[in-house]
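The values are calculated or read from the model by the stated rules, or taken from the named source; none is laboratory data. This one's a predicted model, so the numbers in the text were calculated from it and none came from an experiment. Using ideal geometry, Cβ is built from the backbone for each residue, glycine included, and neighbour counts are taken over all protein chains shown.
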Amino acid sequence: MSYKVAIRSFKTLTYVGSYKKLRDRPVPYYCAALLGAGIVTYNQYKQNKYRAEAKEIMQLRNYMAEPITPISQLEKTQDDMKAQMEMLIMRIQAEFCRALEKEEDEAWNDEKTEDEYDYENDIFLPSPEAKFKVDRWTRKEGGGGITCVLQDGRVFEKAGVNISVVSGKLPPAAVQQMKSRGKNFENKELPFFAAGVSAVIHPRNPMVPTIHFNYRYFEVEDKNEVHWWFGGGTDLTPYYLNEEDAIHFHMTLKHACDAHDASYYEKFKKWCDDYFHIPHRGERRGVGGIFFDDVDQPNQQSAFEFVTSCAEAVIPSYLPIVQKHKDDAYGYYERQWQLLRRGRYVEFNLIYDRGTKFGLHTPEARYESILMSLPLNAKWEYMHEPKPNSPEAKLMQVLKVPRDWLLIQKSKSSTT
């Protein structure tokens, strides 16, 4: 397993444009690259080892809060998929939040120290504690969640990373939504269990894209039979197009998919392009990624391992892009364009997103957590059109006609 991870990590590096620069540099740079791959390998090895030995439950101090399900119950049911999924999303939430907080810490460490300020000419701004506010909540009908939100950071204007572990009976609107996707339930009242992690990160710098990911597990009881399935995905929403970043992002997700089924990436990439579509605008929300729903093959454990790989691919797919662009220069014009694109993000989430609709229709819905995906600031202008041949217009071309970032169709054509 660790050997495959190392090879996959190195292959990802070869597809990133920055690697082209690396090839022409001295040997120490290669050593640094291999060391990075080794660290990734070791970290994933540790994570797999913890899962195999059910040590996720013992890592409470590393989570953002105490699990929703009592620890004693999780220990007794650690082989049950509901417990496995809760432990996975607890870990993914904590790892992602810590990674984002680290970016904030490093950003403020790069600022002047207190002794370096000229108080006559500088406005002294003390380094704030850009940490996630952790809000653990419960619902009467069953379960609860942990909402983690970071606001007004130097790198991230708003970052929300939520988990929810809920149970109860599906409301009619939710049942109807599932039937529209081909779920043939017979009972009118359906007991259900749902566990998932969902995150939306809105950066401050317009040169850094927004990312969204969501991975979830559902169980529904119908006539003494339990129906289960997984869903989720990761997608990228840039404000300015950087093709190198898009290729890196898609390649990282493809490697996660290929470890389980070579057909997954292409199929789920198209699903993502089709799903994150704003029909009334005739454009996609971003440059895509992967998206899937109703995954119940080949078996429950294999499906869970696939979702785990996808969730673990979020940090390596996104953090290098953040680190690359968080200090890029921008001005008023770029900021206004960023706010306009965020308005499109809001339109999709409130009008078309199934997850938002499901949350709003769930009894005792916690609207504050559901709407955490919305940006801190957004803007709408009447009939706005970017200038021809501008960087903004370049982005719009990709949003209107999704691109095959990894040239898979071209490769297929050449082989046939």
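See the values below:
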quantity: Yes/no for Tyr275 being in the same structural domain as Ala83 (by TED's automatic domain parsing), within 18 Å of Thr356 (Cβ to Cβ) and modelled with pLDDT of 95 or more; calculated: yes
quantity: Residues of the stretch 180-208 satisfying the condition of being of a type outside the set (D, E, K, R), part of a loop (DSSP other than H, G, I, E, B) and modelled with pLDDT of 95 or more; calculated: Asn205, Pro206, Met207, Val208
quantity: Test: residue in the stretch 161-169 that is at pLDDT 95 or above, out of contact with any Ser or Thr (no Cβ under 7 Å at 6 or more places or on another chain) and within 19 Å of Gln323 (Cβ to Cβ); calculated: yes
quantity: Flag if Val314 is crowded, with 17+ Cβ neighbours inside 10 Å and touching a Ser or Thr at 6+ places or on another chain (Cβ under 7 Å); calculated: yes
quantity: Residue, surrounded by the most Cβ atoms within 10 Å (Cβ to Cβ), within the stretch 244-295, restricted to residues that are among the aliphatic types (A, V, I, L, M) and in a helix (DSSP H, G or I); calculated: Leu253
quantity: Any helices (runs of 4 or more DSSP H) falling wholly within the stretch 312-406 and containing at least 3 residues that are closer than 21 Å to Val208 by Cβ and at pLDDT 95 or above; calculated: 314-325, 332-351, 391-400
quantity: Any hit, the stretch 104-117, residues being under 28 Å from Leu371 (Cα atoms) and at pLDDT 90 or above; calculated: yes
quantity: Residue match in the stretch 359-377 (condition: of a type in the set (Asp, Glu), in contact with a Pro (Cβ under 7 Å, 6 or more places away or on another chain) and farther than 19 Å from Phe276 by Cα); calculated: no
